[in-house]
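Right, one structure below, let's go through it.
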Amino acid sequence: MGVTVNGRTKTLGVIGNPVEHTLSPVIHNELARVYNHNVVYLPYLVDGSVGDAIRGAYALHFGGLNVTVPHKTEVLQYVVEVDEFAKRIGAVNTLVPAEGGFKAYNTDIPGLYRGMLSDGVNMDGEDVMILGAGGAARSVAMLALDKGAKQVYILNRTVSKAEEIAKEINAYAGREFVTAMALTGYPKLSGKKYLCIQATSVGLYPKVEDVVIEDSEFYDMIHTGYDIIYNPYETRFMSLVKAHGGRAFNGLKMLLYQGIIAYELWNDISVSEEVAQQILGKMKEALGL
Ligand code: NAP
């Protein structure tokens, strides 16, 4: 049974541009149904003032908001408090009502980590390669530091962007934890097996045949490949990792757990792994899988 909307129903939602393809309503409305919470979650296109949208949602007593592309950094100006981890990441995706305004959190990165753990992948003691040097790659490098990875290599088309991230994280870590290199630089790293996180937008639907690195030798170096893309369900990167004997996972669980962690913050509950799997099933249904 779904939620019966009445005078006590709380509104949750996501702001972004575009928002029409978001899977978040599936995650949250299903969680509300499972826990019998009187909440509804809706998508809101914000193509004007982000500040007006945030102030309006607070004035309307929203129970919580998700923030997606392109507002994840700008929204920081319009909140009253930012969680410590989210401050380090520099981007937020979840707003929780607090005194006088919203408090901002980042649940994308804890979501990725919870997804990895549920797939039996840990960063502790790992040599990690990250493909890409955008917002997602930067956050993944920060997570790797937090979770005890041995070292991180960031490979990017624009090397200067990888260098910027390395400089910033190494200053924070107080050691040479991140090394920046070009996409062609991987032969220097041979002789070890890596956990590789694909954090570029290459391979995303509809360009499903694209992959950042084609070379066989590269895939021989990967014991586990994690693509943060989930559409297509199996990216070309994942197929190549598997073809070379590695394990490969997509980004659907990252999306699932970022939603679950947000819902936990808004409703002060802890979502069980069993319910998480149920929600994952609903997401796959929505994707036609
Ligand atoms: P971003 O900041 O725009 O960064 C994009 C990255 O992709 C850059 O490193 C860019 O390299 C690289 N790139 C783009 N086109 C390329 C090409 N043709 N050849 C080589 N490299 C190319 O994006 P982002 O926010 O980090 O997000 C990256 C991906 O993560 C997106 O596809 C997004 O859908 C996915 N994502 C998934 C989740 C989830 O919940 N599963 C959450 C967040 C993001 P340059 O620096 O050289 O331009």
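Collect the residues in segment 170-189 that are free of Cβ contacts under 8 Å to residues at least 40 places away in the same chain and buried (at least 20 other Cβ atoms within 10 Å of the Cβ), keeping them in residue-number order. Of everything in segment 170-189, just one residue is free of Cβ contacts under 8 Å to residues at least 40 places away in the same chain and buried (at least 20 other Cβ atoms within 10 Å of the Cβ), namely 178.
Being buried (at least 18 other Cβ atoms within 10 Å of the Cβ) and assigned to a strand (DSSP E or B), is that true of even one residue in segment 21-36? The answer is no; no qualifying residue exists. Filtering 264, 217, 273 for residues that are under 30 Å from residue 35 (Cα atoms), more than 18 Å from the chain's Cα centre (by Cα) and away from the ligand (no atom under 12 Å from the Cβ) leaves a single hit, 273.
Residues checked against (1) in a helix (DSSP H, G or I); (2) open to solvent by less than 60 Å² (accessible area, probe 1.4 Å); (3) charged (D, E, K, R):
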position: 239; (1), (2), (3): yes, yes, no
position: 255; (1), (2), (3): yes, yes, no
position: 262; (1), (2), (3): yes, yes, no
position: 270; (1), (2), (3): no, no, no
position: 275; (1), (2), (3): yes, yes, no
position: 279; (1), (2), (3): yes, yes, no
position: 284; (1), (2), (3): yes, no, yes
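In summary, residue 208 fulfils each of the numbered conditions (1) touching a residue at least 12 places away in the same chain (Cβ under 8 Å); (2) more than 10 Å from the ligand (Cβ to nearest atom); (3) in contact with a strand residue (DSSP E or B) (Cβ under 9 Å, 6 or more places away or on another chain) with the single exception of condition (3). Please indicate, with yes or no, whether at least one residue in segment 68-77 is more than 16 Å from the ligand (Cβ to nearest atom) and either surrounded by 21 or more Cβ atoms within 10 Å (Cβ to Cβ) or modelled with pLDDT of 95 or more (or both). Within segment 68-77, one or more residues are more than 16 Å from the ligand (Cβ to nearest atom) and either surrounded by 21 or more Cβ atoms within 10 Å (Cβ to Cβ) or modelled with pLDDT of 95 or more (or both).
The values are calculated or read from the model by the stated rules, or taken from the named source; none is laboratory data. All of these numbers come straight from a predicted model, not from anything done at the bench. A quick note on method: Cβ atoms are made from the backbone with ideal geometry, for glycine too, and the neighbour counts reach across all protein chains shown. Calculation scope for accessible area: heavy atoms of the full protein, side chains included, ligands and nucleic acids excluded. Shrake-Rupley method; radii C 1.70, N 1.55, O 1.52, S 1.80 Å.
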